[in-house]
Structures are given as structure tokens and as C-alpha cells.
Amino acid sequence: MTSLQQGELWELSRRLIGFNTVSALSNLEAAEYLASYLEESGLTVKVARDKIEDVTKASVIAWAGPAVEGGLIISGHIDVVPFEGQPGWKSDPLELITDGEQLYGRGVTDMKVFLAQAILAAKQQDLSKLRRPLMFILTYDEEVAGQGSQRLVKQLPGILQGFPLPRTALIGEPTNFEIFPAHKGYATFKISVRGQGGHSSAADRGLNAINRMSDVIQIIKETGLELKQQVTSENQRLFPENPSTAFNNGVIQGGLAANMIAETCELTTSMRVAPGDNVEQIIATLRERIEREISQEMRKAAPECGVSVSDAISTPPLNSPVNDPFIEVLARVMGRRSEQGAPYATDGGPFQAIGINSYICGPGLIEQAHQPNESLPVEHFHSGQERLERLIQAWCMQ
Ligand SMILES: [Zn+2]
């Protein structure tokens, strides 16, 4: 056993990695463990339970300090992405290990070690000396298009019972301690084409669903080009490489055999949504064009045929002010700040929808997240907690 493996940070991280909190499973055991740790550290704690498709999920909300404005939320998600069936793992993903240079395990970077660092950073403080509130919001299902935080933000007023909700949040997703004030949102939706089958020798008599889907894909392509032309200068600055809302056709399935006219075809598409663009509006525009240019004609041939476009499952973009005093304090503690957006969505989008400006900054490299042998540099393991202690002192105790 190395000295690295002897401290409380190692032990708490090891316990958290050991809970299998893959998004599809219940995170209740891990949430309750975190809640009791926070309680023992002197915070007021609430566990907010939800049932998602018959699985119990829970968020943890904890706070300390006087009931005044101007507090700080430290936030992270408890869930992790799957590892079963992911080739390349050299060790048990649920066991925290180290080779002296890196730590390994599912969630070391995204983002259980950060949770451990943040909780212990709070535990080190004399919380009776807080001059502004310190709050923890630990979420579930972040890896499922931020569904947990979107439910939680609606429940927060009831949970806090009048305690002032801080308007500033630090979200410790892996950024190599760089600070990102913004990111795109994310959405997925499904398009289903119902055609009319038959023998491929009489292909012109049927309605080939795959062929109609290719017309749908053309409309998606054209919509993407239109969105590109409307890009704002702010989004140019935030996302110089890909400033507009962009579609990705991710999964397509259709037809039964090469000698049959394809009767059905289904497409699942995702969108990276630039700040300012509205998912519902984009879907409504797509639906309207598809209806006018494809569906109407299909229904004339056979009333049961046509194209349907589902509603989107989405999480909103984030665009926090870059002149906020918090970002100055954060930059002093963490180091580099970026004028650009992060390349992924976080719980910051749903938070900003209720008036919490979120800044993304944490240990670990994003390239390591979601990978087999997910790793975190030992240096980040040590310095993360210390940086968070300084941040809590600078923002909440002075
Ligand atoms: Zn994450």
C-alpha cells in the first residue's frame, strides 16, 4: 500500500468507485452513502428520490451557512457511463487502483473523485465560519441527457423550504482545471416512416420507407445548413470550430429483405444545440416541412402511411456571463480560464434555466472520460481537494 492509498480522499473515492452507478441502475445506495458523509461533515442534507422506469434514483442536496444570498453550489453527477461490454479494460472498473502515476476505475475522471474532493474540502472547513451558503447538488442520470437535474430543478424550492438558492455553481466535470462558462445543449429525437410493402419486382407500386427516409435526411441536411447561416457572433467566439446547432444521424434501421419493398424505417438523430437556438422550434420546423413535402403525398396513396417525428429528449445549452466576479475567484484558484465553450453538455444547462450561472471546471482530462481504463493523473487527485478548499474559503468565508 502506498501513502497515496492511505488518506481519507482515497478511501472515499474508493467507496464511490465501488458503487455501480451506471445510469440504467439505481444510484440510491451511493446517494445515501454520500448523504450520510455530508451529514457527518456538518451539512443539512436532503435526499430527493425519483422513480425512473421503475428504478429508484436519487439526488443529494446539502447545505451549510447563513440563509443569505450569494452562496456557491458545488455540483457533480453520481452516475457513470456503462463499462460492461466495453472492450479494453485491464482492471475491474469498480475497483480504484493506481500505478503511481494515474488512478484507474470507472468514474475516476467523470466524476466521482471530484465528488470526494469536494465533500472533503467542505469537511476540512469550520462551517460555522461560512459567511455565504455552501451547497452541494449531486445528481443522477446526467449521462442520460441531463434528465436527473431537469427533474430536480423543479423540486428544488420544495426541498430548500425558503433557504436561498445560490445563483452560482461550479460543476467539476473533467476540464484539466480549465474554466468553461458555456456549452451546447443536446437533444435526440426519432423519425419513423411507415411505407407500403410488396414484392420488389413491383417496386413502383409500393411506398418504400427507406427511400422516403432518404428524402427526410435531405431535409435534415438542409435544415442544418440553414442553422449554419444564422450563426451568431457570440457562438462563433464560443464554439469556433462548430458554432451552429448541428445534427448527427446516429442510428437507422429499416426493411426486412433485399427483395422486399421496405415497409418501415426508423432514424434516431441527435443535435448539439448552440445557445440561443430552440430545440422545440427546430423540431416543429422539421415536422412541418416533412409533413408538407413527404407525408401528405404518402397518405394520399394510403392513409396509414406517412412520417412521424417524435418530441425531443433534450438538455439545454449553457451560456454563463464571463464578467461574473465568481469567475475571477475561480481563475485565481484553478488557473487557466477559457473564453470558449466546453465540448459537451452538463447539468449547467438545466441549472441556468432556473437562474444559476454555472462554470465547468474540474480535475481530469475529458479524453479520459467514458474510455476503458478511465484514468486521472495522481497530481490532479492531490491538488483537486486543496484547490476546492481554497475556493470555498475565498468565496464563502471572506
Ligand atoms: Zn460527466
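Apart from one condition, LEU134 fits all of (1) buried (at least 24 other Cβ atoms within 10 Å of the Cβ); (2) at pLDDT 95 or above; (3) within 21 Å of the chain's Cα centre (by Cα); the exception is (3).
In the set SER13, SER36, SER41, SER59, only one residue is more than 16 Å from the ligand (Cβ to nearest atom), polar (S, T, N, Q), out of contact with any Asp or Glu (no Cβ under 6 Å at 6 or more places or on another chain) and in contact (Cβ under 8 Å) with a residue 12 or more places away in the chain; that residue is SER41.
Scanning region 68-85 for residues that are under 13 Å from ALA369 (Cα atoms) and more than 14 Å from the ligand (Cβ to nearest atom) yields a single hit, PHE83. Given the condition aliphatic (A, V, I, L, M), crowded, with 18+ Cβ neighbours inside 10 Å and not in a helix (DSSP H, G or I), answer yes or no: does some residue in region 389-398 qualify? The answer is no; no qualifying residue exists. Can you name the residue in region 328-366 that is part of a helix (DSSP H, G or I) and open to solvent by less than 10 Å² (accessible area, probe 1.4 Å) and, of all such residues, is farthest from ARG106 (Cα to Cα)? Step by step, filter region 328-366, then rank; the result is LEU330.
Yes/no per residue for (1) among the acidic types (Asp, Glu); (2) out of contact with any strand residue (DSSP E or B) (no Cβ under 6 Å at 6 or more places or on another chain); (3) under 27 Å from LYS221 (Cβ atoms); (4) modelled with pLDDT of 95 or more:
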position	(1), (2), (3), (4)
VAL273	no, no, yes, yes
ARG289	no, yes, yes, yes
ILE294	no, no, yes, yes
VAL309	no, no, yes, yes
ILE313	no, no, yes, no
PRO317	no, no, yes, yes
ALA331	no, no, no, yes
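Selection of region 1-24 for residues being open to solvent by 80 Å² or more (accessible area, probe 1.4 Å) and within 22 Å of VAL81 (Cβ to Cβ) yields ARG14, ARG15.
On the stretch given as region 27-45, residues that are of a type outside the set (S, T, N, Q) and under 22 Å from the mean Cα position of the chain (by Cα) total 7.
The set of residues from region 213-230 being crowded, with 16+ Cβ neighbours inside 10 Å and either touching a Lys or Arg at 6+ places or on another chain (Cβ under 9 Å) or of a type in the set (Gly, Ala, Ser) (or both) comprises ILE219, THR223, GLY224. Within region 105-127, the residues that satisfy the criterion of being more than 16 Å from the ligand (Cβ to nearest atom) and of a type in the set (A, V, I, L, M, F, W, C) are ILE119, LEU120, ALA121, ALA122, LEU127. The single condition among (1) hydroxyl-bearing (Ser, Thr, Tyr); (2) closer than 25 Å to LEU4 by Cβ; (3) within 16 Å of the ligand (Cβ to nearest atom) that THR98 does not meet is (3).
Considered as a group, the residues in region 345-387 that are away from the ligand (no atom under 16 Å from the Cβ) and of a type in the set (D, E, K, R) include one that is nearest to the chain's Cα centre (by Cα), and that residue is ARG387.
The values are calculated or read from the model by the stated rules, or taken from the named source; none is laboratory data. Since the model is a prediction, treat every value here as computed from it, not as a measurement. Here Cβ is always computed from backbone atoms with ideal geometry, including for glycine, and neighbour counts include all displayed protein chains. The accessibility values were calculated without ligands, DNA or RNA, using every heavy atom of the protein model including side chains. Shrake-Rupley method; radii C 1.70, N 1.55, O 1.52, S 1.80 Å.
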